[in-house]
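The values are calculated or read from the model by the stated rules, or taken from the named source; none is laboratory data. Bear in mind that the values here come from a model prediction, so they are computed numbers and not experimental data. Note that we place each Cβ from the backbone using ideal geometry, even for glycine, and neighbour counts take in every protein chain shown.
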Amino acid sequence: MMRNLIFVYTLIVNNLVLFSQNYNILNYGAIPDGKTLNTSAIQSAVDAAHHYGGGKVIIPAGNFLSGSILLKSNVELNLLKDAVLLGSINPDHYIKLNRWKALIIADNENNISITGEGTIDG
C-alpha cells in the first residue's frame, strides 16, 4: 500500500514539474535590441514548451521585435517587468489566419495564457 502511494505521489510531482518548466527566449537565440527579428526564437520556445507537455515561455526585460507567434496548448507567454514584445511593421512578418494577421495567434488551442508585467506593443 505504501509503495503504491509513493508511486502515485512521484507521478504527481513529476507532472507538476513537467508542466511548470520555463523556456526563456534568450536560450533560443532572441536578442533584446528592438531591431533583430526574434520570431523564430520565440516560436522555438513556444514549440519546445508545447512539445514537452506545456510550460511558461519567458520574455525577459528588453525589447523583442517579432512577427506572428502561434501560441499552443498548455503554454503560458509570460512577459517579465520591462519586457516589451514589439510587433514588426513589416506585414510580411505576419501569418494570415482566415482574413486577419496578428502578432499573437491561437487557433483551436486550450489552456493558454498571456501573463506578466511586460508590454505588448503591436
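What number of residues within the stretch 81-122 are in contact with a Lys or Arg (Cβ under 6 Å, 6 or more places away or on another chain) and hydroxyl-bearing (Ser, Thr, Tyr)?
Counting residues in the stretch 81-122 that are in contact with a Lys or Arg (Cβ under 6 Å, 6 or more places away or on another chain) and hydroxyl-bearing (Ser, Thr, Tyr) gives 1.
Scan LYS101, LYS81 and give me the residue that is more than 14 Å from the chain's Cα centre (by Cα), within 15 Å of ASN24 (Cα to Cα), charged (D, E, K, R) and surrounded by fewer than 17 Cβ atoms within 10 Å (Cβ to Cβ).
Only one candidate qualifies: LYS81.
Can you tell me which residue among GLY122, GLY118 is among the small types (Gly, Ala, Ser) and modelled with pLDDT under 95?
Exactly one residue qualifies, and that residue is GLY122.
Residue by residue, here is whether (1) surrounded by fewer than 20 Cβ atoms within 10 Å (Cβ to Cβ); (2) touching a residue at least 24 places away in the same chain (Cβ under 8 Å); (3) not β-branched (Val, Ile, Thr) holds:
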{"position": "LEU37", "(1), (2), (3)": "yes, yes, yes"}
{"position": "GLY55", "(1), (2), (3)": "no, yes, yes"}
{"position": "PHE64", "(1), (2), (3)": "no, yes, yes"}
{"position": "VAL75", "(1), (2), (3)": "no, yes, no"}
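For (1) modelled with pLDDT of 95 or more; (2) in contact with a strand residue (DSSP E or B) (Cβ under 7 Å, 6 or more places away or on another chain); (3) not hydrophobic (A, V, I, L, M, F, W, C), each residue gets a yes or a no:
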{"position": "LEU18", "(1), (2), (3)": "no, no, no"}
{"position": "PRO32", "(1), (2), (3)": "yes, yes, yes"}
{"position": "THR39", "(1), (2), (3)": "yes, yes, yes"}
{"position": "VAL46", "(1), (2), (3)": "yes, yes, no"}
{"position": "VAL57", "(1), (2), (3)": "yes, yes, no"}
{"position": "LEU65", "(1), (2), (3)": "yes, yes, no"}
{"position": "LYS72", "(1), (2), (3)": "yes, no, yes"}
{"position": "LYS81", "(1), (2), (3)": "yes, no, yes"}
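Among the residues of the stretch 104-122 satisfying the criterion of being in a loop (DSSP other than H, G, I, E, B) and not hydrophobic (A, V, I, L, M, F, W, C), which is surrounded by the most Cβ atoms within 10 Å (Cβ to Cβ)?
GLY118
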